[in-house]
Amino acid sequence: MLGGFRPPLALRDRVVVMDRSNDPVVAEIVGTRDGQARAAILGDGDGLAEGAAARTKPSDGLTIGHAWLGRVLDPTGKPLDGRSDPPPSLYRCTTRRQPPQPGTRQRLGSAVSLGVRALDCFCTTREGQRLGLFAASGVGKSTLLATLARSDDFDVTVVGLIGERGRELREFVEDDLGPAGLARSVVICATSDAAAAVRREAAYAAMAAAEHFRDRGQRVLLLLDSVTRFAHACREIGLAAGEPPATRGYPPSVFRELPALLERAGPGGPEAGSITALITVLVEGDDHDEPIADSVRGILDGHVVLDRRIAEGGRYPAIDVLRSLSRSVPGSQTAEQAALVVRARRLLSLHDGVADLVRLGAYRAGADVETDLALRAAPRINAVLSQKKGEISTLEEAFAALARALNDEPS
């Protein structure tokens, strides 16, 4: 609790509090009541004591520039890769800003290749689209993001790792991104042991970095993993600030923060580039209707469902294409491509409907021509949807492979 400041502290003000060793600790104001302000610490709070001296700190934002490419940084712009601080940039960016005006934003661009056949065919994505990857833990979200990070259809990739395991950072940077991928990427990371305010700030810093490059006319791929951990951090802060728990323990501010963050992605204004965002959502207990998943699904432009049953069957990526949807498909596929996808969906749906009967021996071949076709085609379609880690395909290659599977041609 902080008091005695004139003028009074306001929400999102920054203060510096001195600990017992006289070292500065930065905190952000997250609530005010009865002349007192509540602050969330952006760092380690060990050594803070009652009555410690505090002073206001100007919120100077981040100095983001070209020197951030190829770097792994924390949400304040400090290096996590063992190298020196990035040189200061002329561009100072606030991590909190409004999205572009709706009436002046550009429309979605043409279809982009994500390098994953299941997504390129069944959830075709356009430049500037925002797509959610929904799955429980251990189903392969992070591995799928690693494949997406290798896409060559973008000028810059910004990766926001929120609440991730610290031991996985080097593996992601060195094995998944690789030297060539890292050279055109910015990685912002706050590990699971970081303070809630730091984890929340990681998402805002990643978005600010993506906006910086978008505002300079570049095509940006933003990967956020995960927005659920961002919501958890917001919940910790909101409850500590005295907000009442509303929906399954989440205070109302969480459902204000989610659209405030996610609406900033997408196409920019006139002369600007775009942010194509792929955002993971950790579905707790495989409940796809839990509050965060339900709220995010309504904000984004499509959802991709990763299914544990498919993962246990050994198919990667474990995307359930029948439950996945891209809202931009009508404007991103040719008539021939759309016909292929409709046909493939129908055959997969038929196959799923009779799979149990086939296993039990209750279905006899020849009983239904369309069902017989589905039983023959489904394994070939699933082979197209299966992809090794690091294997990249183009949009044209994905649809060509799907056409061969439907026509019973060799791959």
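The values are calculated or read from the model by the stated rules, or taken from the named source; none is laboratory data. Being a predicted model, the structure only gives us computed values, none of them experimental. No Cβ is skipped: glycine too gets one built from the backbone with ideal geometry, and neighbour counts run over all protein chains shown. The area values use the complete protein model at the heavy-atom level, side chains included, leaving out ligands, DNA and RNA. Shrake-Rupley method; radii C 1.70, N 1.55, O 1.52, S 1.80 Å.
All conditions in (1) more than 30 Å from D287 (Cβ to Cβ); (2) of a type outside the set (A, V, I, L, M); (3) open to solvent by 20 Å² or more (accessible area, probe 1.4 Å) hold for R117, with the sole exception of (1).
Exactly one residue out of P179, P87 is within 24 Å of E211 (Cα to Cα), open to solvent by 40 Å² or more (accessible area, probe 1.4 Å) and touching a helix residue (DSSP H, G or I) at 6+ places or on another chain (Cβ under 7 Å), and it is P87. For the stretch 70-77, the condition of being open to solvent by 40 Å² or more (accessible area, probe 1.4 Å) and either in contact with a Lys or Arg (Cβ under 6 Å, 6 or more places away or on another chain) or of a type outside the set (D, E, K, R) (or both) holds for at least one residue.
Determine which member of the set L306, L300, L322, L282 is open to solvent by 20 Å² or more (accessible area, probe 1.4 Å), under 21 Å from T228 (Cα atoms) and touching a Lys or Arg at 6+ places or on another chain (Cβ under 8 Å).
L282
Per the conditions (1) without any contact (Cβ under 8 Å) to a residue 12 or more places away in the chain; (2) closer than 23 Å to A10 by Cα, the sole criterion not satisfied by A231 is (1). Go through the stretch 120-138 and give me each residue that's open to solvent by 10 Å² or more (accessible area, probe 1.4 Å) and assigned to a loop (DSSP other than H, G, I, E, B). Matches in the stretch 120-138: E127, S137, G138.
V354: over 17 Å from the mean Cα position of the chain (by Cα) and either aliphatic (A, V, I, L, M) or not assigned by the TED database to the domain that holds V158 (or both), yes or no? Yes. The set of residues from the stretch 136-150 being in contact with a Ser or Thr (Cβ under 8 Å, 6 or more places away or on another chain) and among the small types (G, A, S) comprises S142, A149.
Does the stretch 216-224 contain any residue that is at pLDDT 95 or above, part of a helix (DSSP H, G or I), in the same structural domain as L90 (by the TED database) and crowded, with 19+ Cβ neighbours inside 10 Å? Looking through the stretch 216-224, none of the residues is at pLDDT 95 or above, part of a helix (DSSP H, G or I), in the same structural domain as L90 (by the TED database) and crowded, with 19+ Cβ neighbours inside 10 Å. When E257, E263 are checked against the criterion of being under 19 Å from G160 (Cα atoms), open to solvent by 10 Å² or more (accessible area, probe 1.4 Å), assigned by the TED database to the domain that holds L148 and touching a Cys at 6+ places or on another chain (Cβ under 6 Å), a single residue qualifies: E257. The single condition among (1) within 30 Å of L282 (Cα to Cα); (2) basic (K, R); (3) assigned to a helix (DSSP H, G or I) that R404 does not satisfy is (1).
Could you list, in sequence order, the residues of the stretch 274-318 that are without any contact (Cβ under 8 Å) to a residue 24 or more places away in the chain and outside any helix (DSSP H, G or I)? Scanning the stretch 274-318 gives D287, D289, G313, G314. Residues in the stretch 90-111 that are under 23 Å from A195 (Cα atoms) and open to solvent by 90 Å² or more (accessible area, probe 1.4 Å): 1 in all. Every condition in (1) in a loop (DSSP other than H, G, I, E, B); (2) touching a helix residue (DSSP H, G or I) at 6+ places or on another chain (Cβ under 7 Å); (3) open to solvent by less than 10 Å² (accessible area, probe 1.4 Å) holds for S151 except the one numbered (2). Are any of the residues in the stretch 169-179 β-branched (V, I, T), assigned by the TED database to the domain that holds L69, closer than 23 Å to G61 by Cβ and out of contact with any Phe, Trp or Tyr (no Cβ under 9 Å at 6 or more places or on another chain)? No.
For the stretch 56-88, a tally of residues being more than 30 Å from P8 (Cα to Cα), part of a strand (DSSP E or B) and of a type in the set (K, R) returns 1.
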